[in-house]
1. Is it true that residue 265 is surrounded by 18 or more Cβ atoms within 10 Å (Cβ to Cβ), more than 30 Å from residue 202 (Cβ to Cβ) and without any contact (Cβ under 8 Å) to a residue 40 or more places away in the chain?
2. Does residue 167 count as surrounded by 18 or more Cβ atoms within 10 Å (Cβ to Cβ), under 21 Å from residue 119 (Cα atoms), in the same structural domain as residue 106 (by TED's automatic domain parsing) and in contact (Cβ under 8 Å) with a residue 24 or more places away in the chain?
3. In this structure, is residue 162 in a helix (DSSP H, G or I), surrounded by 23 or more Cβ atoms within 10 Å (Cβ to Cβ) and within 17 Å of the chain's Cα centre (by Cα)?
4. So in segment 480-530, with the set limited to residues that are surrounded by fewer than 18 Cβ atoms within 10 Å (Cβ to Cβ) and in contact with a strand residue (DSSP E or B) (Cβ under 7 Å, 6 or more places away or on another chain), which one is nearest to residue 115 (Cα to Cα)?
5. Examine segment 245-254 for a residue that is in the same structural domain as residue 396 (by TED's automatic domain parsing) and more than 22 Å from residue 307 (Cα to Cα), and state whether such a residue exists.
6. Would you mention how many residues in segment 56-84 are crowded, with 20+ Cβ neighbours inside 10 Å, in a helix (DSSP H, G or I) and out of contact with any strand residue (DSSP E or B) (no Cβ under 7 Å at 6 or more places or on another chain)?
7. Just one of 120, 134, 126 is farther than 17 Å from residue 582 by Cβ and either in contact with a strand residue (DSSP E or B) (Cβ under 9 Å, 6 or more places away or on another chain) or not in a helix (DSSP H, G or I) (or both); which is it?
8. Please verify whether segment 186-204 includes one or more residues that are under 24 Å from the mean Cα position of the chain (by Cα) and within 30 Å of residue 8 (Cβ to Cβ).
């Protein structure tokens, strides 16, 4: 289910195309006075290792980026609601500027799709005469947009249109709708007229329903794969998005009169996610990133990155940045250009590196390519790098890593004062411990700890939409539908739960994950980090031990019940991947839609057929 590639040479937008589109919208925005609410779906059951703390203390870049684009295009009446902070938010009760918004946008990852659909369902309860146009987007929309439409006549709730692309696709949609909208006409009405006239078909990156019977669409129309923004300097200023955040509320269901004041931003979201580069040269079968980026490497100019960090510091006091990179070291020359600029950047007589600390993701292979320049990387403000180690023996995936290469990379990072933060994958053939070699999970964690790992991420290999392995994992009978009568829900597809395994005793895999974390995060290693030799890295290691132990408590609490079901319950597995209840067609009526499932519509509620398999216990 990898996304298909556009015709070579047609993967990217023309230079300046996004900037020009925003300028056109600014000219017409005053005559429409749109009010928009953008919600980020979040399932609080995902709060455990390795995402604990950052999941609620770092406002996601995606919804902030969409909010920034709306404001930059002239639509100042925009609010961003994070379910991380507002668990009980009810779209049916939202009012902005004293009225029901014209647009309700919701962004979601696949594991938060349950909360996403609940918000969409609630928004559709608004009186049809005043209901906003519902637009869904985010990673879940990119790979499985058909799941965001209602397919059950008894519960037909779904989005009006799904955006399977980035800011340019959304703004292009708005331009078409506003060009046909009559004065005072609801946006939902304008959308339906534009849809029925075929005006949306020329915008790659949309999926919308056509025809209706018993409240369910007769088919979904897929306009194709988006063209990507190549020059990330054309993105709007991220400072704008922070001005739109809805303040946290423990029990509130509606919106406050005003967004969070600038003085509270640093306390609520001390870590700022920031776009630096997109793309990776590797083509791992479990990863959707290369296909999404159309095998392109996209980046911001070094000067623009430095300016954004400084403006975010000046406006909100933000000092800690996490780069939303796929592989920051992907291109050595471009990386050096960025870090050199950040190291020497100066604003108002102040060196940026004294105010900004940044972190991002890289690979072991590319870290070794940069090993002579790691002191410069630290000088630029980098303090931690997350490395996709996956498997030290390269049995699961080979990205040029090995025990010796990984150890060297970690030692080089520590010597430079940069914290190495490994990310690993556990899989069926890997034992918890091996007597010889380094194949066992604990063996590899021991190597990483001795090499200086400051934190640890261990996730079970899980089917991920948009990857080469996705369909084969289902058809191979590995994906668990139910265990002990409990269904594997979307929030369990985060790698913390064993939901795909061919092992005869999958509960062992579940317990292995907890054992790996317990081996790394425990009071012994906390004391060792706290009392050992003081280095640039040791204090951060002690802090991460505290975060890790707290997160481990949550992981045990949330996953132990599933482990017991795997151990003692009857396990049923899916025979095929999720399919759409509604046919997905291309704009020409063909069945080969870019974002559609490969199988025909099924009556099975969008899930593959469940097949009970005997599982040994003990």
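The values are calculated or read from the model by the stated rules, or taken from the named source; none is laboratory data. Remember, predicted model here, so these are calculated numbers, not experimental data. All Cβ positions, even for glycine, are placed from backbone atoms using ideal geometry, and neighbour counts span all protein chains on display.
1. So residue 265 does not fit the description; no.
2. Values: surrounded by 18 or more Cβ atoms within 10 Å (Cβ to Cβ): yes; under 21 Å from residue 119 (Cα atoms): no; in the same structural domain as residue 106 (by TED's automatic domain parsing): yes; in contact (Cβ under 8 Å) with a residue 24 or more places away in the chain: yes.
The answer is no for residue 167.
3. no
4. 487
5. Going residue by residue through segment 245-254, those that are in the same structural domain as residue 396 (by TED's automatic domain parsing) are none.
Looking for residues that are in the same structural domain as residue 396 (by TED's automatic domain parsing) and more than 22 Å from residue 307 (Cα to Cα), one finds none in segment 245-254, hence no.
6. 4
7. Working: 120 fails: farther than 17 Å from residue 582 by Cβ; 134 fails: farther than 17 Å from residue 582 by Cβ.
Going through 120, 134, 126 in turn, the sole match is 126.
8. Restricting attention to segment 186-204, the residues satisfying the condition of being under 24 Å from the mean Cα position of the chain (by Cα) are 203-204.
Now narrow it down to the ones that are within 30 Å of residue 8 (Cβ to Cβ): 203-204.
Within segment 186-204, one or more residues are under 24 Å from the mean Cα position of the chain (by Cα) and within 30 Å of residue 8 (Cβ to Cβ).
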